[in-house]
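Notes follow once the structure below has been shown.
Every read-out reported here was derived from the displayed coordinates using simple, explicitly stated rules and does not represent laboratory data. Everything numeric in this text was worked out from a predicted model, so none of it was measured. Quick reminder, even Gly has a Cβ in these numbers, built from the backbone with ideal geometry, and neighbours come from all protein chains shown.
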Amino acid sequence: MMFKKRVIASLLPLVFAQLAYAAEPQSIELNAVTVTGILPDKLESVPGSFTVIDEKELEVKRPFSIKEALNTVPGVHIVANEDPQSLGLNIGVRGMDPRRTARTLLMEDGVPLFLAPYGDPAAHYAPPLSRVQRIEVVKGSGQVLYGPQTVGGMINFVTKPVPKDGFAGSIDATAGNNDFYGLHANIGYGNERGGIMVDALKNQGDGIRDNHDFDVEEYSLKGQLNLTDRQTLIAKVGYYEEDSHVSETGIGEVDYARDKFQAPSGKNDSFYHERKSAQLQHIFQLDEKTKLSTQAYYVDAFRSSFRQTDAPGGWDGDIPSSVGTGVTELERCATVAPFTEADAANCGGRHRPRSYTYWGIEPRLDFSHNLFGIENDTVIGFRYHEEDISRGQYRGDTAAFQSLSFAKANSTKREDVQIDVEAKSYYAQNTFHVGDWSITPGLRFEDMKIKTDVRRAGGDPVNKKVTNNQTELLPGFGVAWNGIDNTTVFAGVHKGFAPPRPDRDLDPVKLNSLGIDKTSPEKSTNWELGIRSSYFKGISVESTLFHTKFDDVVVNAGSGTFKNAGESAMSGLEFAGRVDFGTIYNTSHNIYALASYTNLFTAKFKKDALDEGVVSGARLPYAPRQLASLSIGYQHPIGIDARVGVDYVSSQEPDAWTNTLTGDAATLTGLTGNIPGYSLFNASVNFKPVDSKATYFLSGHNLTDREYLASRVDGMFVGRSRQLVGGIRYDF
């Protein structure tokens, strides 16, 4: 409490200074303040690799989900193993474990998007692409300005701005196979004083497996008020709700061979997610060279999952041994196999209700100066952030326990954990512009306190508390050279950091005997060297050589536990390019080609950690050696843009800890074994007649309807089948 008062007291002079400055006569004329993403205006000075997927590319490609939007970005690997719309995002960058995107910082307009950025960095939400203007993917140096997850890059979703000239908006209607349909509406009004915009979305359809339907709704309100020529206030509130029958548990070898798409308990398994958010940003352009921005945010989220089978591949020690393993067993209820939907209807399961609240405030000063006669761009900022997390679990073996309210009223809470996080972040970065060179050193300091209060675990009273204090100094340094027209050569290094997660410390066995076993934070050193160029007319390319070294990587140790597994290393080469023949030959008929390729030639553990099943030299989990994407398109002057493409993912190894399993437990649960590589074909066509406000579109993904294995994290998950989506958009 005392620290909160000190934070507020320290910010008050800043607020009064802004008001006093605003009250003075305006002596300069500036353009209206504009809002940007996490990348600077001078992209040529960025000393690292990045990709921007702009609004035009999103409209032309018509991605069905974030997976399709990002699969052309080199170094990015997305596993779609549960739901077709990537509601539970699994993104890995440069060999990082993609599970719930825990090592890549997801943001919306610069604000973290996880359930809890420090306490539970799990990605169960990302803004719908229909209200996104562009996506920024940053993998190199310069990450000291953002946190807390800095080991695996950043992805920032920049939302559409409010209108500036009267009424404007759009209406979208889409439909496709697998009972999919979507509705989206956006309407707003604006003028020189500001504006307001309302956005509404509903998507619904069938999932990847049987009985895995989903229903998503989101509503948002965004407003902008231009207080003066130099001050802008932007406010945004949002409400999101997901109600799906998507299970996070895969199936075993026996059931996968029988029917890859089955989910006998799918009608009863469920996932519910409600998210309320608010964001307020004040931007003050003090003069031509100085900008002070202050951002405050608040998120209140609740998620609850219900599963009738909990352990990988359906195997659970609570099931009588007479039932057997490797089949889709129903939690503590059925006694014979194979099981049916009728059996599932008569059984109970486990509820995991969890609530998350976090808020923060972040003032940041951007200014240009000429120290020592050199042009400089400097960023200085501070963020205060708090989280309040409550984790619960209820369980019962009769059909009545399919209701969470019944379970709460008629059973003892099996898990009761309260987690509080207080984090302070300080950062500074300066770019020196010397001739054709841009030199950027930076520094970030993270100071966090994580309090974990375990009241119950495994159904037993525990009443154990632990406080995990961590401080980390995270330097970064990058260089960019622009001595060739439209070309940047860059090199950089930065220290990455992923804070210790409280949920990783909750080992029920140790909770009941030895106490809470705290995992250490993940630390990495990230190097890269690359070039991006559009020197030749109609051709743009980027290539990056990268190397990442972890001091103490954390691996999935099974049964919901995580362990530190020592040193690991990831090295590789990325390439991306685009050729527009219409630009080269000065014709309005444009044939174009886009390609991206990643060769992750090193992704291995460097030391034995036999207690965790890790062997030196073993391949890191879910780190495919090769990723590739190739598309060829045609743009016609009457308004047609059509493209076809293929995406390739090479073979993968599952989680490292499965190396310790033997016999039926290893073979039948589906946890072990190679994940074969696969290629998926896609296509899209857009038609917007000249001078028309309507756009007609059709897109298809996995056109050959290939059956492929996507994941073995919690058993075997089949990949998404063919998906066709068509629709119309009307702009006004």
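Overview of values
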{"quantity": "Long-range HN-HN contacts of Arg722 with modeled amide H, under 5 Å", "calculated": "Asp705"}
{"quantity": "Note, ³J(HN,Hα) from phi for region 398-408, Karplus 6.51, -1.76, 1.60, rounded to Hz, x at Gly and Pro", "calculated": "10, 4, 4, 6, 5, 9, 5, 5, 5, 4, 5"}
{"quantity": "Burial ordering of Glu248, Glu192, fewest other beta-carbon atoms within 10 Å first", "calculated": "Glu192, Glu248"}
{"quantity": "For region 540-654, Kirkwood radius (reciprocal of mean inverse C-alpha pair distance, Å)", "calculated": "17.0"}
{"quantity": "Built amide H within the under 5 Å cut-off of Lys606, gap 5+", "calculated": "Glu567, Ser568, Ala569, Gly617"}
{"quantity": "Cα gyration tensor category, rounded, prolate or oblate, for region 72-198 with a/c compared to 1.5", "calculated": "oblate"}
{"quantity": "Gain upon complete extension [Thr583, Ala342; 0.36 nm per residue less C-alpha separation]", "calculated": "80.6 nm"}
{"quantity": "Proportion of all alpha-carbon pairs of region 424-475 beyond 19 Å (%)", "calculated": "58"}
{"quantity": "When each of Lys449/Lys523; Lys42/Lys495; Lys42/Lys139; Lys464/Lys495; Lys523/Lys606 is checked by Cα-Cα distance, pairs over 26 Å", "calculated": "Lys464/Lys495"}
{"quantity": "Phi to ³J(HN,Hα) by Karplus 6.51 cos²θ - 1.76 cosθ + 1.60 over region 702-712, Hz, x for Gly, Pro", "calculated": "6, 4, 7, 6, 6, 8, 8, 7, 9, 7, 10"}
{"quantity": "Net charge of Cβ neighbours under 11 Å - reference Leu594; Lys, Arg +1; Asp, Glu -1", "calculated": "+1"}
{"quantity": "Full-extension gain in nm, Tyr298 to Lys693, via 0.36 nm per residue minus C-alpha separation", "calculated": "138.5 nm"}
{"quantity": "Cα gyration tensor shape of region 204-297, rounded if a/c is under 1.5, else prolate or oblate by comparing a/b with b/c", "calculated": "prolate"}
{"quantity": "In Å, descending, principal axis extents of the Cα set of the chain", "calculated": "82, 63, 50"}
{"quantity": "Sequence-distant residues sharing a close amide H with Gly88 (under 5 Å, placed H)", "calculated": "Asp83"}
{"quantity": "Neighbourhood charge, 10 Å Cβ-Cβ cut-off, centred on Phe157 and excluding it, Lys, Arg +1 and Asp, Glu -1", "calculated": "-1"}
{"quantity": "Unit charges on C-beta of K, R, D, E only; dipole of the chain, Debye", "calculated": "800"}
